[in-house]
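Data first, discussion second: the structure below is written as structure tokens.
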Amino acid sequence: MTEQTRIGVVGTGFIGKGIVMSLENQPDLRISHVLTNSDISRRNDYPGKHLLTNSVEDLISGSDLIVECSGEAVSATYVVDKVIKAGLPVVTMDAELQVTTGSYFAKKGFITEAEGDQPGCLAALDEEARQMGFSPQVYGNIKGYLNYTPTIEDMRFWSQKQGISLDKTTAFTDGTKVQIEQALVANGLGAQILQDGMLGPEADDIQSGGLILAEAAKKMGTKVSDYILAPGAPAGVFIVAEHEERLIPYLRYYKMGEGPWYTLVRNFHLCHLEVIKTIRRVLDGGEVLLNNSTAPTVSVGAIAKRDLEPGQILKRGIGSFDVRGTALTIANNSQHVPIALLTGAVLTEQVKAGAQITFDDVEVPASLACDIWLKNN
């Protein structure tokens, strides 16, 4: 019998459950432990309750590779710190962790984002494009709907309908998630953002939206990471790239258009089903697919959705009804608070709707994640 590689999982949400179920069909891989902060005795909803543990030490000692997919940057930082110190490779489906403390861990050990979520899928598409001789200029995410200030009633409805937590549903809807994802893409693939909050043009299709971003990238003189708002487009990712002039007749023959811009589309991202590809990449000795780099230039701050008053406690950062995330250049926003650090923060100053939250405005709860950010930025 082939020796099985032991896979530890961090997180028991929608993605975490899916990963466990997917890996059950891989004879050479075995889920060893699943780390959770919840009361295990009450987790009758979980497939494989016997796998659950509250012990980071048990997770580490019983695993050969860790998949982190909690979506909670602060608690995940504590866990990943111990995992990296133990010398285990980390595969994440957690852009929130990556843009907050991922660069610190990239200096300490092996950490890579997985295929499945948009950043990992863009990184894989980038590899394919470069192998074919394309020069990517736009790394694009596709968003079908955006509402900066959704109501709690609407979010509860869609949360229940889709089986996704309320905070995740809210972060998808108000744009926080796409801002985080594309900040990770910018840092990991050496791109920039066109402006704070990104451009996010509305478009009827991927090609026309991508062209807007490509022309803006050309004018800026750099590769860019951004998104388009295209309700009729598929839930995937795209790259707009250039190619050698002498190969234009070939690309025309291949129905890629007249150039000079060529749009490469990956019209799906299957989250937990694709994580296995990155796990095998790592186990086979492959390089990092994507991480936040060791020298990030883009972060994700927080914009107040409404007037916030001194003394108010922010129950959440990501997925909040008080703030939303916005990608920004670190050099021009040195006092911004990364949105993932705002959970439990107390307002010390009034912040008007539409204003950015800075460290002068709040008391941020102590955490390893906050310490790492302040020491490294």
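The values are calculated or read from the model by the stated rules, or taken from the named source; none is laboratory data. Just so you know, these numbers come straight off a predicted model, no measurement behind them. Cβ placement follows ideal geometry from the backbone for every residue including glycine, while neighbour counts extend to all protein chains displayed. Ligands, DNA and RNA are excluded from the accessible area calculation, which covers all protein heavy atoms including side chains. Shrake-Rupley method; radii C 1.70, N 1.55, O 1.52, S 1.80 Å.
Within the chain, the ratio Rg/Rh, alpha carbon atoms throughout and Rh by Kirkwood, equals 0.97. Take every pair of alpha-carbon atoms less than 8 Å apart whose residues are at least six positions apart; their mean separation over the length of the chain yields a relative contact order of 18 percent. Rounded to the nearest 20 debye, the dipole size of the chain about its Cα centre is 300 debye, using +1 on the Cβ of Lys and Arg and -1 on the Cβ of Asp and Glu.
From helices alone, the chain scores -9000 deg cm²/dmol at 222 nm; the rule is -39500 (n - 2.57) for each run of n ≥ 4 DSSP H residues, then divide by the residue total. Each peptide among 197-204, 165-172, 93-100, 134-141 gets the average number of other Cβ atoms lying within 10 Å of its residues, and from highest to lowest they stand as 93-100, 134-141, 165-172, 197-204.
Out of ALA235, TYR250, TRP261, whose Cα points farthest toward the positive end of the dipole of segment 220-267 (charges: +1 Lys, Arg; -1 Asp, Glu; placed on Cβ)? After comparing all options, I get ALA235. For segment 288-305, backbone nitrogen atoms closer than 15 Å to the point 7 Å from ALA353 Cα along Cα-to-C-beta are found at 303-305. In terms of distances greater than 30 angstrom between alpha carbons, the cross-link table entries LYS82/LYS223; LYS49/LYS375; LYS108/LYS223; LYS143/LYS305; LYS177/LYS375 yield LYS82/LYS223; LYS49/LYS375. Within segment 118-269, the ratio Rg/Rh, alpha carbon atoms throughout and Rh by Kirkwood, equals 1.01. Computed in the context of the full set of protein chains, the accessible area of the chain at 1.4 Å probe radius has 50% of its extent on carbon or sulfur. Restricting segment 316-377 to trypsin sites (Lys or Arg not before Pro) that sit in a DSSP loop and have at most 14 other Cβ atoms within 10 Å of their own Cβ leaves LYS352. Here the spin labels are modelled as points 7 Å beyond Cα on the Cα-Cβ line, and at LEU251 and SER55 they lie 5.7 nm apart.
Normalised by the number of residues in segment 118-269, the mean separation of alpha-carbon contacts (under 8 Å, six or more apart) gives a relative contact order of 34 percent. Rolling a 1.4 Å probe over the protein heavy atoms gives segment 163-290 an accessible area of 46 Å² per residue. For segment 180-288, applying the loop criterion from DSSP together with a ceiling of 13 other beta carbons within 10 Å to the trypsin sites (Lys or Arg not before Pro) yields LYS255. Restriction of the chymotrypsin sites (Phe, Trp or Tyr not before Pro) in segment 238-267 to DSSP coil positions whose beta-carbon has at most 10 other beta-carbons within 10 angstrom yields TYR254.
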